[in-house]
Amino acid sequence: MQRLASRASRRTLLCAVGVIQDNVSHCLVAKRSYSAASLPKHIEKLRKPAIPSDFLKWSGLGSYRTSKFASGFSPLQPKPLESIIDIKRSNSKTPEELADIWDDYHLGRGHIGASMDAKLYHLLKQRAENCRYFVIPLWKGSGYTTIFFQVQMPHMIFTGLEDYKARGTQAAPYFTVSYYTEFAESKELVLIRGDVVFTSKLSDSEAKWLMETAQSFYLNDVRYKLVERFNKETRDFEFKDVLQALEMPIL
């Protein structure tokens, strides 16, 4: 997507057009890509993870950062889009302009985000209906840690696999992603925001990589076969296949 103006001029534009609300507390956005970053040449050995019968049932996190563990069940309550942007004024923008405004507004705010073509969103949603869970290796310090996540649109929820094994539905969410579909029909655009909930577990750059990589496993036909195997043919699932798909070294 071509940039429409310099970052400085776009920031001036934000105030001029009044698309972004003044009372925003925080949200997120970053560039829209699905490439994996190169990682060091070491991994920790991992036994094949099992699919849980139920996943993380976290109390209403909204878009607030916290290090507390959640208990009980309550659907995620994302910040309403109308509290972030002026939807009426946004309707006058092209998809490219709106995506760039959403993107630039959140730069340097300690959060991440993106936008997605509505057709890709519908594909992701369709595939997630039958395959809700997956695992992704994330480089941490001297080895890999495994991140376990659930896709239940319009949300993705990430936590550490070891935390989930130890605490089950009491495990703390490391990172949540919400998809806003208000412009899916009119502009064929879905706005995405993610919040790092447990900041001691994930950096913003790690969270961005996880979001992009998770999406790629649902949007790429070859990678999605691994997601299907994990959810439907668990005994045949090999974690090394995920490492190979991400071009990560295997010990």
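The values are calculated or read from the model by the stated rules, or taken from the named source; none is laboratory data. Computed from a predicted structure; not experimentally measured. Neighbour counts are summed over all protein chains in view; Cβ atoms, including those assigned to glycine, are modelled from backbone coordinates with ideal geometry. Protein only, heavy atoms only, side chains kept; ligands, DNA and RNA dropped before computing areas. Shrake-Rupley method; radii C 1.70, N 1.55, O 1.52, S 1.80 Å.
Here are some notes:
- Residue match in the range 67-76 (condition: small (Gly, Ala, Ser), modelled with pLDDT of 75 or more and open to solvent by less than 40 Å² (accessible area, probe 1.4 Å)): no
- Filtering the range 207-251 to residues that are touching a Ser or Thr at 6+ places or on another chain (Cβ under 9 Å), open to solvent by 30 Å² or more (accessible area, probe 1.4 Å) and of a type in the set (Asp, Glu) leaves only GLU247.
- Residue identified as open to solvent by 10 Å² or more (accessible area, probe 1.4 Å), among the β-branched types (Val, Ile, Thr) and farther than 22 Å from MET248 by Cβ among THR169, THR176, THR146: THR169
- Boolean, THR213 is within 14 Å of GLN150 (Cα to Cα) and modelled with pLDDT of 95 or more: yes
- For LYS187: the one exception among (1) assigned to a helix (DSSP H, G or I); (2) open to solvent by less than 50 Å² (accessible area, probe 1.4 Å): (1)
- Note on the range 213-222: residues that are touching a helix residue (DSSP H, G or I) at 6+ places or on another chain (Cβ under 8 Å) and closer than 18 Å to LYS119 by Cβ total 5.
- Verdict on ASP204 being of a type in the set (D, E, K, R) and exposed (fewer than 15 other Cβ atoms within 10 Å of the Cβ): no
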